[in-house]
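Enquirer: Okay, here's the structure, questions in a sec.
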Amino acid sequence: MFQLTELFDLTGKIALVTGLSRGLGYAIAEGLAKAGATIVLNGRNPDRLADTLKIFQDKGYDAHASQFNVTQMSEIKAAVAEIQDSVGTIDILVNNAGIAQRVKAEESSDEDWLNMMNVNLNGVFWCCRAVGRHMLERGQGAIVSIASMSGMIVNKPQEQTAYNVSKAAVIMMTKSLGAEWANRGVRVNCVSPGYIGTDMTMAGMADPELKEVWLEMTPMGHVGEPQDIASAVLYLASDEAKFATGTNLVVDGGYTAW
């Protein structure tokens, strides 16, 4: 029988978390670090990344930094190679980097659409591919991507077609890679958050119309906390989820249950 303290133990594992300077990424990275994983922090802003690294190291976590842009394939490949050489083999990849934009579809620009897809979709696939190749060579690894309930439903009252489409694609990518790599030792899952109390969500909550609708549509009647998502990621990244692949774990306070 296992001991409770052994659940979700990631001692000896190396985890790369993209886009983690604040919000969900920070909470996810800290959750994995508390479970014993060595953390590689990723971000595009060098100053913010350095500040986050110092905070993690001051807390006693085994943490490293890797600055690269998830929309640039060459940067991802170089960064993964450098991590493999200097830190070690990546056991866990968390695709957290993402952006959101509220804009009417007919008023959106080509650049709006392409930027959304490059960060939220292409960046996720390119990271999966770059890290996944090494995992497949070893026959083991866990990938967790941050999708969204917006990949399953259409939010209201805001207009965000590009965001919804990008997150729906992440969910299908998860299912496809999960099935494709299942018999080769690599598990691929995703977490779909509802409204979580990050800076992005709380900025929207400052709008009385948005706040009223968002909370009314959420059966629990309140936003979640970043730790709620971090806990879901920890489960899927750990060996406790050894029979889970191609899974979309929804953590939304019941929003999609209506």
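Enquirer: Would you kindly state how much longer the chain becomes between Lys104 and Met200 on full extension, computed as 0.36 nm times their sequence separation minus their alpha carbon distance, in nm to one decimal?
Expert: Length gained, Lys104 through Met200: 32.7 nm.
Enquirer: Solvent-accessible area of Asp207, probe 1.4 Å, all protein chains present, reported in Å² to the nearest ten, please.
Expert: 60
Enquirer: So if the hydrodynamic radius of the range 79-200 is defined as the Kirkwood radius over C-alpha pairs, what does Stokes-Einstein give as its diffusion coefficient at 4 °C and 1.567 mPa s, in µm² per second?
Expert: Rounded to a whole number, D works out at 84 µm²/s.
Enquirer: Taking springs between alpha-carbon atoms closer than 10 angstrom, which of Ile171, Ile143, Ile83 fluctuates most in the Gaussian network model of the chain?
Expert: Evaluated over the chain, the most mobile residue of the options is Ile83.
Enquirer: Also: In the range 117-258, how many lysine pairs have Cα atoms under 26 Å apart, counting only pairs 8 or more places apart or on different chains?
Expert: Details: Lys156/Lys167; Lys156/Lys211; Lys167/Lys175; Lys167/Lys211; Lys167/Lys242; Lys175/Lys242.
Number of lysine pairs found: 6.
Enquirer: If you roll a 1.4 Å probe over the heavy atoms of the protein chains, what accessible area per residue do you get for the chain, in Å²?
Expert: Value for the chain: 48 Å² per residue.
Enquirer: What is the magnitude of the charge dipole of the range 1-95 about its Cα centre, with +1 placed on the Cβ of each Lys and Arg, -1 on the Cβ of each Asp and Glu, and no other charges, expressed in debye to the nearest 20? Display every interim value, and only then the final one.
Expert: Details: 8 positive and 11 negative charges, 51 e Å.
That gives the range 1-95 a dipole magnitude of about 240 debye.
Enquirer: Hey, if you put +1 on the Cβ of every Lys and Arg and -1 on every Asp and Glu Cβ in the chain, which of Ile143, Trp113, Gly185 ends up farthest toward the positive end of that dipole?
Expert: Gly185
Enquirer: Which residue fluctuates the most in the chain, going by a Gaussian network model with Cα springs under 10 Å, if the choices are Ser109, Ser150, Ser238?
Expert: Ser109
Enquirer: What net charge is computed for the residues neighbouring Ser108, neighbours being all others with C-beta under 14 Å from the C-beta of Ser108, Lys and Arg scored +1, Asp and Glu -1?
Expert: -4
Enquirer: Which three numbers, in whole Å and largest first, are the semi-axes of the equivalent ellipsoid of the range 134-208 derived from its Cα gyration tensor as √(5λ)?
Expert: Values: eigenvalues 198, 35, 11 Å².
Equivalent-ellipsoid dimensions as semi-axes: 31, 13, 7 Å.
Enquirer: Nearest 10 degrees is fine. How inclined is helix 46-58 to the longest principal axis of the chain, computing both from alpha carbons?
Expert: Between helix and principal axis, roughly 60 degrees.
Enquirer: Using helices alone, what [θ] at 222 nm do you get for the chain, with -39,500 (n - 2.57) per DSSP H run of 4 or more residues, divided over all residues and rounded to the nearest 500?
Expert: -14000 deg cm²/dmol
Enquirer: What does the charge add up to near Gly12, with Lys and Arg as +1, Asp and Glu as -1, over the other residues with Cβ less than 12 Å from its Cβ?
Expert: Local charge sum for Gly12: -3.
Enquirer: Per residue, how big is the convex hull around the C-alpha atoms of the chain? Give it to me in cubic angstrom, could you?
Expert: Convex hull volume per residue, Cα atoms: 136 Å³.
The values are calculated or read from the model by the stated rules, or taken from the named source; none is laboratory data. Computed from a prediction, not measured in an experiment: that's the story for all the values here. Glycine also receives a Cβ, built like all others from the backbone with ideal geometry; neighbour counts cover every protein chain displayed. Accessible surface areas use protein heavy atoms only, side chains included; no ligands, DNA or RNA. Shrake-Rupley method; radii C 1.70, N 1.55, O 1.52, S 1.80 Å.
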